[in-house]
1. Which residue, of 239, 319, is out of contact with any Phe, Trp or Tyr (no Cβ under 7 Å at 6 or more places or on another chain), of a type outside the set (Phe, Trp, Tyr) and open to solvent by 50 Å² or more (accessible area, probe 1.4 Å)?
2. Pull up the range 111-151, narrow it to residues that are within 21 Å of the chain's Cα centre (by Cα) and polar (S, T, N, Q), then point me to the one that is least open to solvent (accessible area, probe 1.4 Å).
3. Please find, within the range 100-110, the residue that is modelled with the lowest pLDDT out of those that are on the phi < 0 side of the Ramachandran plot and open to solvent by less than 50 Å² (accessible area, probe 1.4 Å).
4. Of the residues in the range 295-316, how many are open to solvent by 10 Å² or more (accessible area, probe 1.4 Å), of a type outside the set (Gly, Ala, Ser) and not in a loop (DSSP other than H, G, I, E, B)?
5. Search the range 25-48 for residues being at pLDDT 95 or above and of a type in the set (Val, Ile, Thr), and hand back the single one that is nearest to residue 91 (Cα to Cα).
6. In the list 339, 347, which residue meets the criterion of being of a type in the set (Asp, Glu), open to solvent by 60 Å² or more (accessible area, probe 1.4 Å) and out of contact with any Pro (no Cβ under 9 Å at 6 or more places or on another chain)?
7. Could you tell me whether residue 232 is in contact with a Lys or Arg (Cβ under 9 Å, 6 or more places away or on another chain), touching a residue at least 60 places away in the same chain (Cβ under 8 Å) and not basic (Lys, Arg)?
Amino acid sequence: MRVMIVVTHLLGTGHLSRALTLGRAFAAEGHKVLLVSGGMPAPQLDHTGVDVLGLPPLRSDGTNFTRLLTQADEAAHPAYFDARKVALTEALRSFAPDVLITELYPFGRRSLADEFDALLDAAHAQGRRPVILGSVRDILAPPSKPAKAQRTEEIILDLFDGVLVHSDPSMIPLSVSWPVSERLAHRLFYTGFVAPSAPTPHPEGIGKGEILVSAGGGSVGEPIFQAAIEAAPKMPNRRWRLLVGGLDSAARIERLTAGVGDAPVTLEPVRPDFRQMLPLAAASVSMCGYNTALDILQSGVPSVFIPFDDGSEVEQTLRGQSLSKLSAIDVLPSDKLTEDTLAQAVEAVLAAPARPSAGQGFDGAAKSVEIVQSLLDHAHDR
């Protein structure tokens with residue numbers, strides 16, 4: 001089958017990373033995959049077997065997801081959005097997918113509703129329309145008003161064949177963060193968690209015994225990096241390796257390096273072998289995005305989560321609270337983050353009983369392929 005996945009990451013790279021994992025699973029089964037990305041380039045991510053089409057890219061203005069910026073850091077104007085819309089609908093017509101998957105929309109990305117709606121209209125106008133599915137993570141940003149939840153449900157019921165929920169309902173059902181009516185519940189297909197295969201230890205031993213500090217692939221996490229640099233001298237027998245993301249990573253590293261002094265700290269850009277470093281690390285310090293949380297669970301590394309909670313963001317806090325029940329995992333709220341509290345939290349997870357790496361429930365990408373194939377077969381039978 002021909003599968004088209006549409007995703008726009010606006011802050012970090014988590015949405016794109018998960019969409020690529022999904023795309024690679026379809027490609028591994030011999031299906032043709034086109035992933036249309038509307039966010040900033042992220043060349044460090046694995047797109048093996050997946051054709052990637054980039055729209056004129058956008059990013060959010062920090063946590064203001066209603067003000068979108070171009071790669072030149074200018075506010076996107078109507079003509080820019082129109083160019084994205086044209087490119088997106090033309091991609092649909094030329095690729096002619098059997099399956100169309102929209103990542104997050106209509107549960108989120110409402111600032112891009114015009115282009116998603118144009119895409120859905122074009123899909124429904126095709127002579128043999130594709131099976132249309134949403135794709136969402138375990139926890140969503142809760143709707144600020146009941147009307148938003150109602151409108152989302154109407155779009156799903158009118159235009160979608162279902163929603164792939166990349167979670168385990170026995171652990172984190174969608175209702176934890178989103179009001180799920182009986183009608184909506186019938187359109188949800190739980191896949192389990194979407195993650196690559198469990199990481200194997202780095203063949204060169206990179207990261208062994210270190211404190212790995214990361215904040216995703218976007219230009220966020222400055223307070224975490226700063227606190228880590230200040231905490232490192234309190235644990236002189238441990239090297240702290242800070243992996244800095246974003247297109248401006250070189251400038252950020254230069255700025256942070258000025259404060260390192262003699263501290264046992266290594267600063268470098270995010271790297272594609274990060275997951276292989278985790279099994280060898282002494283501990284991880286990170287935010288608590290979907291992909292990072294799964295990496296931590298699969299590797300078994302002791303971890304301190306500092307959930308991203310700027311603005312009205314609650315997703316990572318909810319996820320962190322769920323995971324903090326496990327051994328060797330601690331959650332440090334961002335408003336409590338200091339050099340002392342971070343050092344104490346790292347010492348605590350290092351001293352905690354070891355947590356075995358989790359090996360079950362991470363095959364959500366493969367399960368998604370099975371679910372989609374079944375839905376497509378059923379559509380052909382109608």
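The values are calculated or read from the model by the stated rules, or taken from the named source; none is laboratory data. Note that this is a predicted model, so its numbers are computed, not measured. Positions of Cβ are backbone-derived with ideal geometry, glycine not excepted, and every protein chain shown enters the neighbour counts. Accessible surface is based on the protein model in full, side chains and every heavy atom, while ligands, DNA and RNA are left aside. Shrake-Rupley method; radii C 1.70, N 1.55, O 1.52, S 1.80 Å.
1. Working: 319 fails: open to solvent by 50 Å² or more (accessible area, probe 1.4 Å).
Matching residue, one of 239, 319: 239.
2. 135
3. Here is the first cut: in the range 100-110, the ones on the phi < 0 side of the Ramachandran plot are 100-103, 105-108, 110.
Adding the requirement that they be open to solvent by less than 50 Å² (accessible area, probe 1.4 Å) leaves 100-103, 105-108.
Details: 100: 98, 101: 98, 102: 98, 103: 98, 105: 97, 106: 97, 107: 97, 108: 93.
Ranking the qualifying residues of the range 100-110, first place goes to 108.
4. Adding up the residues that qualify gives 5.
5. Per the stated criteria, the residue is 36.
6. Numbers: 339 fails: out of contact with any Pro (no Cβ under 9 Å at 6 or more places or on another chain).
Unique residue meeting the criteria: 347.
7. Numbers: in contact with a Lys or Arg (Cβ under 9 Å, 6 or more places away or on another chain): yes; touching a residue at least 60 places away in the same chain (Cβ under 8 Å): no; not basic (Lys, Arg): yes.
Taking the combined requirement at face value, the residue does not satisfy it.
Residue by residue, here is whether (1) under 23 Å from residue 216 (Cβ atoms); (2) surrounded by 15 or more Cβ atoms within 10 Å (Cβ to Cβ); (3) small (Gly, Ala, Ser); (4) touching a residue at least 12 places away in the same chain (Cβ under 8 Å) holds:
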site	(1), (2), (3), (4)
19	yes, yes, yes, yes
26	no, yes, no, yes
33	no, yes, no, yes
37	yes, yes, yes, yes
51	no, no, no, yes
55	yes, yes, no, yes
60	yes, yes, yes, yes
63	yes, no, no, yes
73	yes, no, no, no
